[in-house]
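In what follows, a structure is listed as structure tokens, so that the remarks can point back to it.
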Amino acid sequence: MTAPLVLCIVLPLLGALFATALPGRAVAVGIVTALVTAAAAVALTLAVWEQGTLHLVLGGWEPALAIALRADGIATALVLMANLVALGISVYASGYFQDAIRIRSFWPLWLLLWAALNGLFLAGDLFNLYVMLELLGISAAALGALTGNREAIAANLRYLLVGLLGSITYLLGVAFLYTAHGSLDIGILAAAIAANEQLFAVDAAAMTLMISGLALKAALFPLHFWLPPAHANAPAPVSAALSALVVKAAFYLILRLWLDVFAPVTGMAAAMLLALLGSAAVLWGSWRALRAARLKLLAAYSTVAQIGYLFLFLPLLVATPEGPARDNLLAALLLMAVTHGFAKAGFFLAAGLVQTNAGHDRIDELGGTAQRLPATTFAIALAGSALIGLPPSGSFIGKWLLMQQAIATGQWWWVVVILAGTALAAAYVFRVLSRAFGLEPTPLRFITDPRAEVPALVLALVSVAVLGLASGPLWTLLGLSGADA
């Protein structure tokens, strides 16, 4: 059953069209589209669970020319995460925007971003990945500037220009590959690269260009300079989507290229370089989060750090031979990525509620928040525990397996980085909670509808309870990546 492959992309595109044509009913169109698109993602997960990897070639063309869609265990896990998080963001956004102009602007752009995310996770050829990458970046930058203030516009203009630079660099690498091998299909390219060792220099140059462009989009240190201002100044639902989903999409492409396309080209030197940059991201991002004056800026720098953890897996994957240990390592990577998606979305949505009610998000002036907004404070605590990696969160399992394999492969120094990053994360999360439980009351501008607190609380709860206590199916889903439908 391949219909969910198409529906996951077509449904949000149609929703964006109807939200544009019916601006007075944009919220209703957005919520209905969110529900049916999330249902399509669940249906896709069940189809992959039952049949293995799904392939679909559109238009009746040969695979080298056609638009190809592919859903294996890795892609499906991220599609499911992205769509459930996007559903929570949509419910939150339905009551967040009060201005009619922003409501009419948000929903078409948001649904376009959602379609691009699903298309990126499911695309089976490099050019359509580029198309989805461009649609994702443009819609994300436009959404980030919706507040209309000078800081947001400047930050997201920088984000747009950086994203275009990353896309051009990626596209140049794609051109190298097409010139050398005459195809953009991921499966065909992987076989061609493995069989043509004489083109190693061209393939290595293409890999360098593509991964460099994607590292810029993923905000890997020191290419992260655009992320904190863009994420911190965007509306809360947009900040949640940018940090939880958009940067994750760029890392997914790096991982997909690393594992599927450039496996014969990649080596320990390249993996070590990316992991060293990831280590710097963990330490620098965590330190800047600890020093941040604003809650949303803290969350933005935390994203820099959390993305850094994912790059630490690369040298361990290179050093670990095929087998159960490598499968566990890859599943741990996915578990950390998925957990961060839910936790960071919940954290940003909760931060948005604090900012809306208090009129600011200055951390040192949040005394009394726990008494005024207990559910929101609990959501911050749950999401924060997942960001730290406390049990029973999914990130605890991921970090444990990461450290275990680092020791097993003789790369013990990554353990030091992980422990230092964890300690810094605990410091900045507990700094927020200590202020929130302070006695000095925070003046509220108005009382939030209690229903507005539900999405943040549910997303944060999933990152701790569901992904920590019931993560077994992720291992099963990952095991389906090698099976063909």
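The values are calculated or read from the model by the stated rules, or taken from the named source; none is laboratory data. Here the structure is a predicted model, which is why all the values come from computation and not from measurement. Using ideal geometry, Cβ is built from the backbone for each residue, glycine included, and neighbour counts are taken over all protein chains shown.
Structural remarks
- Restricting the first member to segment 253-278 and to residues that are outside any helix (DSSP H, G or I), and the second to residues that are of a type in the set (Phe, Trp, Tyr), the beta-carbon pairs closer than 7 Å and six or more apart or on different chains are Val265/Phe200; Thr266/Trp258.
- Single unsatisfied condition, Gly389 versus (1) within 22 Å of the chain's Cα centre (by Cα); (2) farther than 21 Å from Ser471 by Cα: (2)
- Matching residues in segment 186-209 - criterion: being touching a residue at least 60 places away in the same chain (Cβ under 8 Å) and either on the phi > 0 side of the Ramachandran plot or crowded, with 23+ Cβ neighbours inside 10 Å (or both): Leu189, Ile193, Asp203
- Residue identified as in contact with a Gly (Cβ under 6 Å, 6 or more places away or on another chain) and of a type outside the set (S, T, N, Q) among Ala381, Ala305, Ala299: Ala305
- Qualifying position, being crowded, with 22+ Cβ neighbours inside 10 Å and hydrophobic (A, V, I, L, M, F, W, C), among Leu317, Leu312, Leu283: Leu312
- Residue among Leu22, Leu56 that is within 23 Å of Leu135 (Cβ to Cβ) and without any contact (Cβ under 8 Å) to a residue 24 or more places away in the chain: Leu22
- Of the helices (runs of 4 or more DSSP H) lying entirely inside segment 111-198, those carrying at least 2 residues that are under 24 Å from Ala234 (Cβ atoms) and not polar (S, T, N, Q) are 126-144, 150-181.
- The criterion of at least 2 residues that are surrounded by 20 or more Cβ atoms within 10 Å (Cβ to Cβ) and modelled with pLDDT under 80 is met, among helices (runs of 4 or more DSSP H) falling completely within segment 406-485, by 472-478.
- Looking across Leu373, Leu333, Leu387, one residue alone is buried (at least 24 other Cβ atoms within 10 Å of the Cβ) and under 20 Å from His231 (Cβ atoms). It is Leu387.
- Residue match in segment 205-221 (condition: touching a Phe, Trp or Tyr at 6+ places or on another chain (Cβ under 9 Å), at pLDDT below 90 and closer than 24 Å to Glu453 by Cβ): no
- Residue match in segment 68-75 (condition: in a strand (DSSP E or B), among the small types (Gly, Ala, Ser) and under 25 Å from the mean Cα position of the chain (by Cα)): yes
- Residues that are loosely packed, with under 15 Cβ neighbours inside 10 Å and not in a helix (DSSP H, G or I) within segment 1-43 comprise Met1, Leu22, listed in sequence order.
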